[in-house]
Amino acid sequence: MATNADADLGVFRRADASSFAVAAERSELPCRLVRFVHPKEQVMSARNALASLLFAIVCGFGAAAPASAASSSASYSDLGDRLAGAEFEAWYGAMGRLREDFDQICGDTFCEGDYSNIQPLRLRCSADARGRVGQCVWTFAASNEEIDAATGRISVQPKVWRCRLPLAPMTSVSALVGALDVAEPLYATLPGTSKSIYDGLSDCL
């Protein structure tokens with residue numbers, strides 16, 4: 001005589017196992033639910049069948065979670081690649097004026113002491129698809145050379161600075177481009193702050 005457990009197991013075999021196997025195939029999960037095939041002399045209890053079903057469900061959710069997280073993450077690229085038209089011209093025009101501003105003040109400010117030949121390299125900013133700036137870093141390089149009077153050999157001590165601009169969180173690309181599109185962008189107040197790029201360099205160089 002069949003017990004209630006046997007009856008529940010029969011329902012699970014005929015319906016749930018089949019439907020969840022199809023769902024696993026369509027989702028291409030790493031943990032697939034397979035048909036429960038047992039020797040005729042072995043009877044699986046309804047409790048074990050339910051435990052196997054719960055395992056398959058949890059496994060499926062675990063595999064789907066990383067894909068969901070990846071789809072919600074922001075994707076960053078170079079700020080200049082997200083510009084067009086007037087903003088593109090304004091941004092790269094500001095880059096040129098920043099170098100000129102730095103060259104004009106270097107000798108009286110940053111370019112004193114051992115490293116007197118500081119050269120501005122590239123200012124690069126990241127931005128996401130929503131038009132928000134991730135970070136801006138302006139790189140500088142310099143060298144100090146010393147001559148050995150006895151041998152004539154020259155020893156060189158190079159140095160590199162990686163200066164982060166003091167940007168406010170969630171600064172928009174348009175706001176940053178607009179703020180630097182002025183005659184002397186080195187001293188322009190950055191959006192959402194009371195600081196300029198010059199202030200940032202003073203804490204870096």
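Report yes if Glu100 is open to solvent by 30 Å² or more (accessible area, probe 1.4 Å), touching a Ser or Thr at 6+ places or on another chain (Cβ under 8 Å) and outside any loop (DSSP other than H, G, I, E, B), otherwise no. Full working, then the answer.
On the way: open to solvent by 30 Å² or more (accessible area, probe 1.4 Å): yes; touching a Ser or Thr at 6+ places or on another chain (Cβ under 8 Å): no; outside any loop (DSSP other than H, G, I, E, B): yes.
Considered against the rule, which asks whether it is open to solvent by 30 Å² or more (accessible area, probe 1.4 Å), touching a Ser or Thr at 6+ places or on another chain (Cβ under 8 Å) and outside any loop (DSSP other than H, G, I, E, B), Glu100 comes out as no.
Scan segment 165-201 for residues that are more than 22 Å from the chain's Cα centre (by Cα), in a helix (DSSP H, G or I) and not hydrophobic (A, V, I, L, M, F, W, C) and the total you get is 6.
When segment 125-153 is examined, which residues are found to be in a loop (DSSP other than H, G, I, E, B) and charged (D, E, K, R)?
Kept after step one, since they are in a loop (DSSP other than H, G, I, E, B), are these residues of segment 125-153: 129-131, 148-153.
Arg130, Asp148, Arg153, listed by residue number.
If the Cβ limit is 7 Å and pairs must be 6+ apart or interchain, which residue in segment 181-205 that is open to solvent by less than 60 Å² (accessible area, probe 1.4 Å) pairs with which residue that is assigned to a loop (DSSP other than H, G, I, E, B) and among the aromatic types (Phe, Trp, Tyr)? Sorted first by the residue in segment 181-205, then by its partner, the pairs are Leu201/Phe110; Leu205/Phe110. Checked against (1) outside any loop (DSSP other than H, G, I, E, B); (2) touching a helix residue (DSSP H, G or I) at 6+ places or on another chain (Cβ under 9 Å), Lys159 passes all but condition (2).
In segment 105-115 there is at least one residue that is over 21 Å from Pro158 (Cα atoms), part of a helix (DSSP H, G or I) and either at pLDDT 95 or above or over 28 Å from the mean Cα position of the chain (by Cα) (or both). In the condition set (1) touching a Phe, Trp or Tyr at 6+ places or on another chain (Cβ under 7 Å); (2) loosely packed, with under 12 Cβ neighbours inside 10 Å, Glu146 is compliant with all but (1). Look at (1) open to solvent by 40 Å² or more (accessible area, probe 1.4 Å); (2) among the aliphatic types (A, V, I, L, M); (3) closer than 24 Å to Gly107 by Cβ and you find that Met170 fails only one, number (3).
The values are calculated or read from the model by the stated rules, or taken from the named source; none is laboratory data. Remember, predicted model here, so these are calculated numbers, not experimental data. Heads up, the Cβs are rebuilt from the backbone with ideal geometry, glycines too, and the neighbour counts pull from every protein chain shown. For accessibility, only protein heavy atoms count, side chains too; no ligands or nucleic acids. Shrake-Rupley method; radii C 1.70, N 1.55, O 1.52, S 1.80 Å.
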